[in-house]
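Down below is the structure, laid out as structure tokens.
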Amino acid sequence: MQSKGILIENMRKRYGSGDTAVDALKDVNMQVNPGEVVGLIGPSGSGKSTLLKCLGAVIEPSAGTMTLGGEIIYQDGWIIKDLRALRRDKIGFVFQAPYLIPFLDVTDNVALLPMLAGYSNIESRKRAVELLEALDVAHRASAMPSQLSGGEQQRVSIARALVNRPPVILADEPTAPLDSERALAVIRILNQMAGQFDTAIIVVTHDEKIIPTFKRIYHIRDGRTDEEAGEGRPFE
Amino acid sequence: MISLAGRDVVHAWGKFVFTGVGLGLLIGVTLTMAGVYRGMVDDARVLLNNSSADLWVVQKDTLGPYAEASSLNDDVYRSILGMRGVARAANVTYLTMQVRQGSRDVRAMVVGIVTGEPGAPANLVAGRQITRSHYEAVADVASGFKLGQQIRIRRNDYHVVGLTRRMVSSGGDPMVFIPLKDAQEAQFLKDNDAIINQRNRTSINPAFNQQSVLNAVLDSQTSNPYVNAVLVQIRPGFSAEDVAQPIRQWKRLQVYTRVQMEEILVAKLIATSSRQIAMFLVILAIVSAAIVAFIIYTLTMGKIREIAVLKLIGTRNSTIASMIMQQAVGLGVIGFFVGKVAATLWAPMFPKYVLLLPGDALRGLMITAIICVLASILAIRAALKVDPAEAIGG
Ligand SMILES: Nc1ncnc2c1ncn2[C@@H]1O[C@H](COP(=O)(O)OP(=O)(O)OP(=O)(O)O)[C@@H](O)[C@H]1O
Ligand SMILES: [Mg+2]
């Protein structure tokens, strides 16, 4: 079966070789459907970041199959050669810190992605403003990142992750620096956006405040994943 | 696509402007050094032009009056005047010495000339030419002397009747023109005491025990039949070489044409200075390159996180490289204009002539651009090594 969201089968990742080799991922299997937000949790050193980097196409897995948005991108080797374009068009990233580009205003931080994908400046800014409106930060569109509050910055970074309408969003500890209320607001937004744009979203987190909100959780221990049902507690 | 480099510069304009101004002052110094060299060469040309001579006749085997001591008998010019193709010929003397005005001494090149003849200053900026045969002087404005002032050369006072501009020796000393006879005497005369001593010594010398012999000898000791060069103007229709050739052959004298004289002044006299300046230019170029490289490297290192994010979201390496290079070149352009303005403002304050040629400025701009591009290579290499995985972190 081909998933439109994320499908990972038997993924392995070994760092290094010989005596010093580390098997960070031993057998990872995941499936995230479009419109769904799943949690990825696990103790330190279990392989969360490694998995995110493989999914984000910045490091190469050692074996397995990876399907994003209905397209097989990895099968015991990269199927898609232009990883830069893959990241630009298929994957949105949300980080622990917003990592906005400090010398671009809010609109252009978001519009940069469509621009990189070849859209005109006008079209790109139009798309950016649409998302800023959806995320309720359109009133700060011409501000510089340093003039925004932490929560506003994080919403701008979510807008950036969404603007090219990628089938997949990878969020790495997106609520770590936020208080409980703001953390839940971010989760609400991610759920809303997943529904609105039919995006499959993986949220890597340690954050006890938000873990109960997931309907499904993947638990990773020593490089192997287990699926668990989450509490699916409402976050409103 | 928006200009990432431009946005970054606008955002961090303070850093760029301050660095640009610092770099600019350095570039200003560089342009000025080049101007100092051009000024020396131009001074030499002006010196030759204003002497309105076509040929310089000097003592055999010497390099001529500006480069080394040359001595000719002061009647040589008469026989040169009679030669084919010679329009005019005149004696000149050159002597670098202290000229006193009031209580200050000015180091000057005192030139003995015959008014209206080759060697005399062609253009005056104030006053008139020397008309009396004694005790009048025309001085270059660089000496600081004013019209009507009295100046003292050796034992005699001279009245400043005219002023020239840009008449300086190859060493940069202002010229002071005085009548040839006075100059010959000044060149010969030691101070009073020395003359009296010599007279006494001569009188008691038994070799001169006849009064008539003694008088002749004493006479010869107080007059000077020598000059340093004969300047020749040639008739229209004759080439410099045609006229020079027979003088070399028959008079056993050294003759330089205008082109050769310029060669001596520029290639021989200014050669060391120009190597000195070239050395300075090289060092300044290296220092500027180091500054640009350091600044651009530091600015880039401060943006490693942003660069990792840019790469992660799909920015091309070439876009990032060109962002860094544009900033380096931008810094160079700011620096260049600051430098050009600074050099233009401070050039007139230099004691010697500083000639800023537009061609040198253009070359400077090009070298600056090249240096900036090279200087950005270090930062670009560092930026290209940044792993997009760093944005995701551990
Ligand atoms: N570049 C690397 N080279 C070698 N080993 C690595 C590398 N990166 C991670 N590892 C190892 O792989 C294993 C998984 O690391 P990873 O960073 O994925 O863990 P994590 O789940 O993100 O932990 P944390 O919650 O502490 O961030 C660890 O044992 C780690 O030491
Ligand atoms: Mg981690």
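What do you reckon, is A:Ile73 more than 16 Å from ligand 1 (Cβ to nearest atom), under 28 Å from A:Gln192 (Cβ atoms) and assigned to a helix (DSSP H, G or I)? Outline the logic, then answer.
Values: more than 16 Å from ligand 1 (Cβ to nearest atom): yes; under 28 Å from A:Gln192 (Cβ atoms): yes; assigned to a helix (DSSP H, G or I): no.
No.
Charged (D, E, K, R), closer than 25 Å to B:Met1 by Cα, in contact (Cβ under 8 Å) with a residue 12 or more places away in the chain and part of a helix (DSSP H, G or I) - does that describe any residue in segment A:183-198?
Quick first cut of segment A:183-198, residues charged (D, E, K, R) only: A:188, A:198.
Filter again for closer than 25 Å to B:Met1 by Cα, leaving none.
Taking every residue of segment A:183-198 in turn, none turns out to be charged (D, E, K, R), closer than 25 Å to B:Met1 by Cα, in contact (Cβ under 8 Å) with a residue 12 or more places away in the chain and part of a helix (DSSP H, G or I).
Whenever a residue of segment A:7-25 is in contact (Cβ under 8 Å) with a residue 12 or more places away in the chain, its partners that are within 16 Å of ligand 2 (Cβ to nearest atom) and part of a helix (DSSP H, G or I), lying with C-beta atoms within less than 7 angstrom and at least six residues away or across chains, give the pairs A:Met11/A:Cys54; A:Lys13/A:Thr50; A:Lys13/A:Cys54; A:Ala24/A:Thr50; A:Leu25/A:Thr50; A:Leu25/A:Leu51. Evaluating A:Lys53 against the criteria (1) free of Cβ contacts under 8 Å to residues at least 24 places away in the same chain; (2) in contact with a helix residue (DSSP H, G or I) (Cβ under 7 Å, 6 or more places away or on another chain); (3) away from ligand 2 (no atom under 16 Å from the Cβ) leaves one unmet condition, (3). Filtering segment A:26-36 to residues that are within 14 Å of ligand 1 (Cβ to nearest atom) and either hydrophobic (A, V, I, L, M, F, W, C) or within 14 Å of another protein chain (Cβ to nearest Cβ) (or both) leaves only A:Val28. Of everything in segment A:110-126 that is surrounded by fewer than 21 Cβ atoms within 10 Å (Cβ to Cβ) and touching a residue at least 12 places away in the same chain (Cβ under 8 Å), the residue that is farthest from the other protein chains (Cβ to nearest Cβ) is A:Arg125. Residue count for segment B:80-126 satisfying the condition of being more than 26 Å from the chain's Cα centre (by Cα), crowded, with 18+ Cβ neighbours inside 10 Å and of a type in the set (Gly, Ala, Ser): 3.
Give the residue, chosen from A:Ser44, A:Ser62, that is within 16 Å of ligand 2 (Cβ to nearest atom), over 16 Å from the mean Cα position of the chain (by Cα), over 30 Å from B:Lys15 (Cβ atoms) and of a type outside the set (Asp, Glu). Break it down stepwise before answering.
Values: A:Ser62 fails: within 16 Å of ligand 2 (Cβ to nearest atom).
After ruling out the rest, the residue left standing is A:Ser44.
Among the residues of segment A:85-108, those that are facing chain B (nearest Cβ under 8 Å), within 23 Å of B:Arg7 (Cα to Cα) and more than 13 Å from the chain's Cα centre (by Cα) comprise A:Tyr99, A:Ile101, A:Pro102, A:Phe103, A:Leu104, A:Asp108. Selection of helices (runs of 4 or more DSSP H) fully inside segment B:250-334 by the criterion of at least 1 residues being touching a residue at least 12 places away in the same chain (Cβ under 8 Å) and under 29 Å from B:Arg45 (Cα atoms) returns B:258-263, B:271-301.
The set of residues in segment B:314-335 that are modelled with pLDDT under 90 and over 43 Å from the mean Cα position of the chain (by Cα) contains only B:Gly314.
Only one of the listed residues (B:Leu299, B:Leu281, B:Leu331) is closer than 30 Å to B:Asp173 by Cβ and aliphatic (A, V, I, L, M). That residue is B:Leu281. What about A:Leu52, is it within 21 Å of A:Lys4 (Cβ to Cβ) and either in contact with a strand residue (DSSP E or B) (Cβ under 8 Å, 6 or more places away or on another chain) or surrounded by fewer than 24 Cβ atoms within 10 Å (Cβ to Cβ) (or both)? Considered against the rule, which asks whether it is within 21 Å of A:Lys4 (Cβ to Cβ) and either in contact with a strand residue (DSSP E or B) (Cβ under 8 Å, 6 or more places away or on another chain) or surrounded by fewer than 24 Cβ atoms within 10 Å (Cβ to Cβ) (or both), A:Leu52 comes out as yes.
Only residues that are of a type in the set (Lys, Arg) and either touching a Leu at 6+ places or on another chain (Cβ under 6 Å) or modelled with pLDDT under 90 (or both) were counted in segment A:176-235, giving 3.
Do you know which residues across segment B:1-36 are among the aromatic types (Phe, Trp, Tyr) and within 14 Å of chain A (Cβ to nearest Cβ)? Walk me through it before giving the result.
Going through segment B:1-36, the residues among the aromatic types (Phe, Trp, Tyr) turn out to be B:13, B:16, B:18.
Hits for segment B:1-36 are B:Trp13, B:Phe16.
For segment A:87-98, the count of residues that are free of Cβ contacts under 8 Å to residues at least 24 places away in the same chain and either of a type outside the set (Asp, Glu) or within 16 Å of ligand 2 (Cβ to nearest atom) (or both) is zero.
Enumerate the helices (runs of 4 or more DSSP H) found wholly within segment B:1-117, keeping only those where 3 or more residues are out of contact with any strand residue (DSSP E or B) (no Cβ under 7 Å at 6 or more places or on another chain) and in contact (Cβ under 8 Å) with a residue 24 or more places away in the chain. Give the steps one after another, and end with the answer.
Numbers: elements: B:4-11, B:13-50, B:76-81.
Qualifying helices (runs of 4 or more DSSP H): B:4-11, B:13-50.
Filtering segment A:157-171 for residues that are within 16 Å of ligand 2 (Cβ to nearest atom) and touching a helix residue (DSSP H, G or I) at 6+ places or on another chain (Cβ under 9 Å) leaves a non-empty set.
Any chance segment A:128-141 includes a residue that's away from chain B (no Cβ under 14 Å), over 26 Å from A:Ala183 (Cβ atoms) and buried (at least 21 other Cβ atoms within 10 Å of the Cβ)? No, segment A:128-141 has no match at all. Within segment A:37-70, the set of residues being within 14 Å of another protein chain (Cβ to nearest Cβ), part of a loop (DSSP other than H, G, I, E, B) and away from ligand 1 (no atom under 11 Å from the Cβ) comprises A:Gly56, A:Ala57, A:Val58, A:Glu60, A:Pro61. Selection of segment B:70-96 for residues being of a type in the set (A, V, I, L, M, F, W, C) and over 15 Å from B:Phe188 (Cβ atoms) yields B:Val76, B:Ile80, B:Leu81, B:Met83, B:Val86, B:Ala87, B:Ala89, B:Ala90, B:Val92.
Do we have any residue at all in segment B:317-332 that's away from chain A (no Cβ under 14 Å) and exposed (fewer than 14 other Cβ atoms within 10 Å of the Cβ)? No, there is no match, as no residue in segment B:317-332 is away from chain A (no Cβ under 14 Å) and exposed (fewer than 14 other Cβ atoms within 10 Å of the Cβ). Restricted to segment B:378-389, and to residues there that are in a helix (DSSP H, G or I) and closer than 23 Å to B:Met325 by Cα, the residue that is farthest from the other protein chains (Cβ to nearest Cβ) is B:Leu378.
Are any of the residues in segment A:142-160 under 15 Å from the mean Cα position of the chain (by Cα) and of a type in the set (Val, Ile, Thr)? Checked segment A:142-160: at least one residue is under 15 Å from the mean Cα position of the chain (by Cα) and of a type in the set (Val, Ile, Thr).
The values are calculated or read from the model by the stated rules, or taken from the named source; none is laboratory data. Source: prediction; values computed, not measured. Because the Cβ atoms are built from the backbone with ideal geometry, glycine has one as well, and the counts that use them run over all protein chains shown.
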